[in-house]
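Everything below concerns the one structure shown next.
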Amino acid sequence: MNTKLFLVLSIVVSFLQGPLLPPVFMEGVLLVAYLSANKETKSLPGVLASGLIFDLLQSQHLGLSSLVFLGATFLISLLEEHIPVYKALSLGVFAILINIVRAKIVFPSLTLPSVAISTVVALVIFTALLLPAKGWLKIKFS
Amino acid sequence: MLQFLKMQTFAKRTPIILYFFLSILLLFLDKRGLLDIFHRSSQVLTIPVNTQVYKLKKFLLLPVQTLTLKIDKDKKIQELETQKADLLSGMSRLQSIEAENSKLRRLLGANIPSNWQFEPARIVSYSADVISVISASTPEKKVVAITGENKGIFVGLYQEMVGQTLKIATTSNKETRIEVVVKNSLGFKTATGLIIGEGGKMVLDQVLTNEQINRNDVILTSGEGNLPPDLLIGTVSKVIKLDGQTLQKAEVTPAVDFDKLDYVFFVTKF
C-alpha cells in the first residue's frame, strides 16, 4: 500500500466513521497495513498526515490521532527486532490495540469491547478486499 | 563502542521524535484555538457531507427500526415518505433552517416556563454518546440542550466547540453526572439520586434503599448544579437492589431516541 492510497483511504474512512460507521473502526487496520508495506522513516509523513486527516474530518483536536498513530509506529519498529510483527495475527492484535487506544483518548465514551469487535469486523472486511493473492483488489504491500 | 551504538540508536530514532514533537505542538496550538481556521475551512466540506451521510444512515436504519417497532402500516408508509422527502429536499432544508427553527421553538414552548430562553441548534451527527450540532451562537460550557413538544426533555450538556461544530454529551456519555428526582405515576417525588452515563446506557445511582423506586417511574432534573429543573430524562426500566447495601440503583430508558432528533435547543436562560 503506497502513501497516496493510504491517505485517500484515510479520507474516505474518516468521512464515513461517525455519521455512518462506528467512530473508531478502520484506522487500526489501515495503519498496520500501511506500516507493513513501508519502512518506518519513509512512512512517518504519511502516518502524521493520516492522523491529521482523521482529526480534521472527525472534528477532533489536531494532533491527537497523529500521536496515537506515531506511538503505534514507534512500538512496531521497536518490536520488529524481537518478534515477527508482520504476521497476520500480530497485525490483527496491533490493529485492535491502536483502535482501543485511539477510542480511549479521542472518544472516551466508547466501550472497549465494542471497539474490539468493530475492529475485528473491519479486519475481516479489509482482508477480504485488500490482501494480496487472496483479495479482489490485489494491492502490492511492498 | 557502547556510546557509539547509543548515538546510532538515537540518530535512528530522531525523525520519529521530531514527528512526535510536531504532533504535540499541533495539539497544543489547537487546544488554544489557534488552529481554528483549519477546522472552519474543513467543516465547509465536512458538515454538509456528514449531514447527508447521517441522513443516509437514518434512511438505511429505518427498515430495521420499523421491523422492531410495532407500527401500523399507514404510519410506516408515512414515515418512509417523510424520510424520502427529507433526503430529496436536503439542500432546500438547509436554506430554510431559520424558518424551521422558529416553528420548532414555538412547538417547544408548551409546558415550559415562559421566561426560559432558547437557542436552536441543528444536529449534524450523533455517535459515541456525543451529538454534533451547528448553531448561530456559542453557548457557555455545561449549558443544557433540550428537545420536546409537550414536556421539556433533557438531551445533554454542551461540552466544547471544535471549529463551528458544538459537541453535546448525551445522558449516556461517560462524563455525564446529573442530580435528579424520581417521581411516581401520580407525580409525587419518591426519591433523589444521580444519573450516571456508562457509555451507551445510563443508570440511576446513589438512591437510598429506604426510598421507593419502581419500574416506569419518571426521572427529572432536580434543578441542582445550575441546571434547569423538571426536565424529563427518562423512565426507570429495572431496579437493582443489593442485599446489605445502603444504596440502590436502577437502569434507565432515555426519554428520547437521539438518532431521531433533527434539532435541539440550548437553554440560555431559565
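If I ask for residues that are surrounded by 20 or more Cβ atoms within 10 Å (Cβ to Cβ) and of a type in the set (S, T, N, Q), which ones from region B:229-249 would you list?
The one that is surrounded by 20 or more Cβ atoms within 10 Å (Cβ to Cβ) and of a type in the set (S, T, N, Q): B:GLN248.
Which of the residues belonging to region B:154-179 are surrounded by fewer than 20 Cβ atoms within 10 Å (Cβ to Cβ) and away from chain A (no Cβ under 14 Å)?
B:GLU179
Could you please find all residues in region A:1-26 being of a type outside the set (S, T, N, Q), assigned to a helix (DSSP H, G or I) and within 14 Å of another protein chain (Cβ to nearest Cβ)?
Answer for region A:1-26, where residues must be of a type outside the set (S, T, N, Q), assigned to a helix (DSSP H, G or I) and within 14 Å of another protein chain (Cβ to nearest Cβ): A:ILE11, A:VAL12, A:VAL13, A:PHE15, A:LEU16.
Which pairs do you get when a residue that is surrounded by fewer than 23 Cβ atoms within 10 Å (Cβ to Cβ), found in region A:1-30, comes within reach of a residue that is of a type in the set (D, E, K, R), reach meaning Cβ atoms under 6 angstrom, with the pair 6+ apart or on two chains?
A:LEU20/B:LYS57
Quick check on my filter: what residues within region B:23-38 are at the interface with chain A (Cβ under 7 Å from one of its Cβ atoms) and either out of contact with any His (no Cβ under 9 Å at 6 or more places or on another chain) or farther than 24 Å from A:GLY46 by Cβ (or both)?
Result: B:SER23, B:ILE24, B:LYS31, B:PHE38.
Within region B:207-238, track down each residue that is aliphatic (A, V, I, L, M), in a loop (DSSP other than H, G, I, E, B) and closer than 22 Å to B:SER114 by Cα.
B:LEU227, B:LEU231
Of the conditions (1) within 17 Å of the chain's Cα centre (by Cα); (2) over 27 Å from B:LEU61 (Cβ atoms); (3) surrounded by fewer than 16 Cβ atoms within 10 Å (Cβ to Cβ), B:THR209 clears all except one; give me its number.
(1) is the only condition that B:THR209 fails.
I'd like to check which helices (runs of 4 or more DSSP H) are fully inside region B:16-120 and have at least 1 residues that are under 30 Å from A:LEU64 (Cα atoms) and at pLDDT 75 or above.
In region B:16-120, B:36-68 are the helices (runs of 4 or more DSSP H) which contain 1 or more residues that are under 30 Å from A:LEU64 (Cα atoms) and at pLDDT 75 or above.
In contact with a helix residue (DSSP H, G or I) (Cβ under 7 Å, 6 or more places away or on another chain), modelled with pLDDT of 80 or more and surrounded by 12 or more Cβ atoms within 10 Å (Cβ to Cβ), is that true of B:VAL182?
No.
All but one of (1) outside any loop (DSSP other than H, G, I, E, B); (2) modelled with pLDDT under 85 hold for B:GLY244; state the number of the condition that does not hold.
Result: B:GLY244 passes all but (1).
Given the criterion closer than 30 Å to B:ASP30 by Cβ and in a strand (DSSP E or B), identify the matching residue among B:VAL252, B:VAL267.
Exactly one residue qualifies, and that residue is B:VAL267.
So, in region B:44-54, how many residues would count as being surrounded by 18 or more Cβ atoms within 10 Å (Cβ to Cβ) and more than 7 Å from every other protein chain (Cβ to nearest Cβ)?
Residues in region B:44-54 being surrounded by 18 or more Cβ atoms within 10 Å (Cβ to Cβ) and more than 7 Å from every other protein chain (Cβ to nearest Cβ): 2 in total.
The values are calculated or read from the model by the stated rules, or taken from the named source; none is laboratory data. In this text the structure is predicted, and so the values were computed from the model without any measurement. Note that each Cβ is placed from the backbone with ideal geometry, even for glycine, and that neighbours are counted across all protein chains shown.
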